[in-house]
1. Any residue at all in the stretch 94-112 that's at pLDDT below 85, of a type in the set (D, E, K, R) and not in a helix (DSSP H, G or I)?
2. Restricting attention to the stretch 8-55, and to residues there that are farther than 24 Å from Val130 by Cβ and not in a helix (DSSP H, G or I), which single residue is nearest to the chain's Cα centre (by Cα)?
3. Restricting to the stretch 20-58, name every residue that is among the small types (Gly, Ala, Ser), modelled with pLDDT of 90 or more and touching a helix residue (DSSP H, G or I) at 6+ places or on another chain (Cβ under 8 Å).
4. Scan the stretch 125-151 for residues that are more than 13 Å from the chain's Cα centre (by Cα) and either among the small types (Gly, Ala, Ser) or modelled with pLDDT of 95 or more (or both) and jot them down.
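The values are calculated or read from the model by the stated rules, or taken from the named source; none is laboratory data. In this text, all values refer to a predicted model and were calculated from it rather than measured experimentally. Every residue, glycine among them, receives a Cβ derived from its backbone with ideal geometry; neighbour counts consider all protein chains shown.
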Amino acid sequence: MRRPRGDRLTRLRQRVRTAVEASFNDDQPPAEIAGSVAIGIFLTTLPTFGGNLLVMVALAARVAWINPVALFSSGIVINPLVKWGVYAVSVPIGVALLGPIDGGLSIDLSLSGNRPVLIRLVVGSAIIAVLGSLLSYWLVRRMVVAHRRREIDVVEELADTVLTDGDEPTVSTDESK
């Protein structure tokens with residue numbers, strides 16, 4: 001019997017959440033986890049036509065401090081549906097910085113025929129990539145610190161609850177000497 005599609009999506013979402021939480025609980029400093037996400041956001045925002053995946057795999061394999069789960073989680077944020085919106089905003093940013101395109105837009109589908117548009121797309125995407133990386137670094141670093149603080153608070157609260165009846169932690173006679 002086949003399971004409903006929503007059930008599979010729920011299980012996938014739970015697996016991703018578990019992996020991200022495990023990544024947050026890792027022994028890495030929050031700055032390294034946040035840096036991994038920021039690098040992933042930067043790479044996935046640029047119009048690399050899939051080349052970013054190769055760079056991400058190489059970075060995850062070669063750079064010791066990069067957190068692979070955090071690096072590749074950026075693909076969830078900047079997914080193919082979102083990427084078209086990034087492109088739509090990138091071109092006007094490029095036009096604002098570099099000026100309008102002389103002669104208007106070409107209908108030619110070749111890369112060489114639309115070089116002025118591509119240049120504006122790359123410039124606009126680079127601006128969005130830098131801003132997105134800075135914002136994601138700041139947000140993820142705060143999230144990791146808050147997550148770890150909450151985990152510590154939960155453990156301390158649990159310990160306080162266990163010891164509330166006036167119980168003192170017991171010390172064995174071997175340790176008291």
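1. yes
2. Asp26
3. Passing the criteria: Ala31, Ala34, Gly35, Ser36, Ala38, Gly40.
4. Result: Ser125, Ala126, Ile127, Ile128, Val130, Leu131, Ala146.
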